[in-house]
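Everything below concerns the one structure shown next.
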Amino acid sequence: MKKLMLGVLIACFSLASIAEVAVKDPWVRATVPHQQATGAFMQLTADQEARLVKAESPLAEAVEVHEMKMEHNVMKMRALPEFVLPAQKTVTLQPGGLHIMLTGLRRPVTAGELVPLTLVFEGRNRRHETLELKVPARSLTSSASGRHGN
Ligand SMILES: [Cu+2]
């Protein structure tokens, strides 16, 4: 019995060492008719170094991390083969820079709705952390940039 208790205790401690990823100010850009893809933006801060191992949304066929860069005066976008959050450093995903791309949209994204987005991170200790986000959709063209919901 004592051994069992010890085991439970150890399990609790290792749970506490998961690379915890905090999400701040997430939003998705609302789409116009026939738009195939859109971007999701947020600030991510990991307690310990963590690598994105999976990203998905029921609204999209694929979810990828993209980077935008000016090259010879042309804005270019490419999918990152790997996305790593450094320990205790906030990474900002924003229009014109790093972003999460939802491609192959199954339906339009309307301003004000909450878009389900799942991000799975793996810490150095191989533990996985799953973030189930409900990301508010915002229209960039609307002057009301206040947050919807609640
Ligand atoms: Cu993109």
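For the reader, a short list of remarks on this structure follows.
- Subset of Lys24/Lys89; Lys24/Lys134; Lys24/Lys76; Lys69/Lys134 violating a 22 Å alpha-carbon distance limit: Lys24/Lys76; Lys69/Lys134
- Annotation for the range 34-119: GluC sites (Glu not before Pro) lying in DSSP loop with at most 11 further Cβ atoms inside 10 Å of their Cβ are Glu82.
- Overall form of the range 19-138: oblate. Here a/c, set by the Cα gyration tensor axes a ≥ b ≥ c, is 1.5 or more, and a/b is not larger than b/c.
- Lys, Arg +1 and Asp, Glu -1 on Cβ, resulting dipole of the range 19-138 about Cα centre, debye, nearest 20: 160
- Formal net charge of residues neighbouring Lys76 (Cβ-Cβ distance under 14 Å; K, R +1; D, E -1): 0
- Cα-projected label distance for Lys54 with Lys89, points at 7 Å along beta-carbon direction, nm: 2.8
- Furthest towards positive pole of dipole, Met42, Val109, Pro81, structure part the range 19-138, Cβ charges: Val109
- The residues packed around Thr38, meaning those with a beta-carbon under 15 Å from its beta-carbon, carry a net charge of 0 if Lys and Arg are +1 and Asp and Glu are -1.
Every number here is computed from the coordinates shown, using simple stated rules; none is lab data. None of these values were measured; they are calculated from a predicted model. Glycine also receives a Cβ, built like all others from the backbone with ideal geometry; neighbour counts cover every protein chain displayed.
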